[in-house]
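A quick write-up on the structure given underneath.
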Amino acid sequence: MNSSNEIFIGDGRDVKENSVVVWSVIDPQLQSFNNNRILGAAQSPFPIEMDTFRSTCHILLVSTGVPLNLFIAIVIMAFKRLHNKPRNVLWLGVTFCNLFTLLTILIEFLAYHMQNSMICLVFVSITGVAYTCLLFNLLLALIDRYAAIVHPLWHRQNVTVRWVVAVQSISFILITLLIKFPFISQFSLPECDFYPVHAKIIAVCNLILFILCIVAQAVVYHKTRQCFNSNQQRGDSRETTVTFVQSGPKTQRRDTAAEVFVLPSSSTQSDSQSRFQPEAIVNINSPSANDNNPTTLCISGPVALRRHHLGGNRQMEVEATWSLLMGVFSLLIFTFPTLVVAFIEWGCRMINGEDQCPPLISVIMFYARELLLGHLVYNPIMYMIRSREFSSTVREKLFVISR
């Protein structure tokens, strides 16, 4: 046979003629292997590792965390007095992220014990998203508490449930795209394997969000203490004589008056009336006061208005902030040690190589991941204990059922 017409198949399954590639057969497994090499896959037989201790922790977390978080989610969604307030909707987002994280560790548990590559693929596809979204929702809740304490009027007029849901939805999409960017950029689905690049992106995102949460927590704590101290200093029960007036028909009222303003009048009082505060005019052009009634009621005449009643709504905001701070405090207990160990292991591998780190670091990291998930149970318990609004709603519902 003439060598010029000789056709043969090379090692790469390329059909060549005169050493020139005529056409090539692309092996899907070979292409997937190349993509995994680009992403830095570990190429281990089965990437999920687990022992009796981790399996027991997974079972305990799922069996206790799922009922607690489901209970909170159902109560908030079932009662309008809870789900029509942005702070509760933000905590509902935290609760959903807790459930998503618990679902992730349940899938990891099933993938290991069943040694199922398809379940493992699902785990690799969703891992990291839930916990990062959880940290971001905690950060959003802290920002909301800061606005409610420092700028209460602006917060009441501008921060709505619809706005909160929109921000949560957009942030979930962006976080998913960011964390799964290595797979999106390669236009390839992940396989049942460990990807160091993917793990580093998740670790960096969680570290940034953790630092932001701690800084926000410190700022909100400082502002809350200031507000709490000022409320205690002004928390006297002196009476103020007021007169309720209506400045116009309901169709002409402006929605900007969200607070009750007491304006001292210019009238003088006799000595016999000196023990009372000056007469005042209170503008009741507040949508929160009148929107629930078909007609506007105008009350004339002096009434006794105790000053500490005016701060009831503000006090509820302070209590909600304390509840949130107790929840975010768990980050220092559960998340911080795990992040420290993770970055020590990362730095050791960068300096000494993949297989040159002390085995003790890998062992600590192996078990520290369970500590990372502790606040999936801690947060809902503290929320139910600290939130008087939530607990009162549950007690009222139980009282109605018992009747």
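The values are calculated or read from the model by the stated rules, or taken from the named source; none is laboratory data. Keep in mind that this is a model prediction, so the values were computed, not measured. When we count neighbours, we look across all protein chains shown, and the Cβ atoms used for this are built from the backbone with ideal geometry, even at glycine.
Candidates in the stretch 342-394 are the residues that are out of contact with any helix residue (DSSP H, G or I) (no Cβ under 8 Å at 6 or more places or on another chain) and of a type in the set (D, E, K, R); of these, the one that is surrounded by the most Cβ atoms within 10 Å (Cβ to Cβ) is ARG349. Condition check for ILE119 on (1) modelled with pLDDT under 90; (2) in contact with a His (Cβ under 8 Å, 6 or more places away or on another chain): one failure, at (2).
Being at pLDDT 75 or above and either aliphatic (A, V, I, L, M) or under 20 Å from TYR221 (Cα atoms) (or both) is the requirement here; does PHE329 meet it? Against the criterion (at pLDDT 75 or above and either aliphatic (A, V, I, L, M) or under 20 Å from TYR221 (Cα atoms) (or both)), PHE329 does not qualify.
If the condition is being on the phi > 0 side of the Ramachandran plot and surrounded by 16 or more Cβ atoms within 10 Å (Cβ to Cβ), then the stretch 97-154 contributes only GLY128.
Counting residues in the stretch 23-35 that are β-branched (Val, Ile, Thr), under 30 Å from LYS397 (Cβ atoms) and either assigned by TED's automatic domain parsing to the domain that holds ASP144 or modelled with pLDDT under 50 (or both) gives zero. Can you name the residue in the stretch 202-241 that is more than 23 Å from LEU332 (Cα to Cα) and among the hydrophobic types (A, V, I, L, M, F, W, C) and, of all such residues, is modelled with the lowest pLDDT? The qualifying residue modelled with the lowest pLDDT is PHE228.
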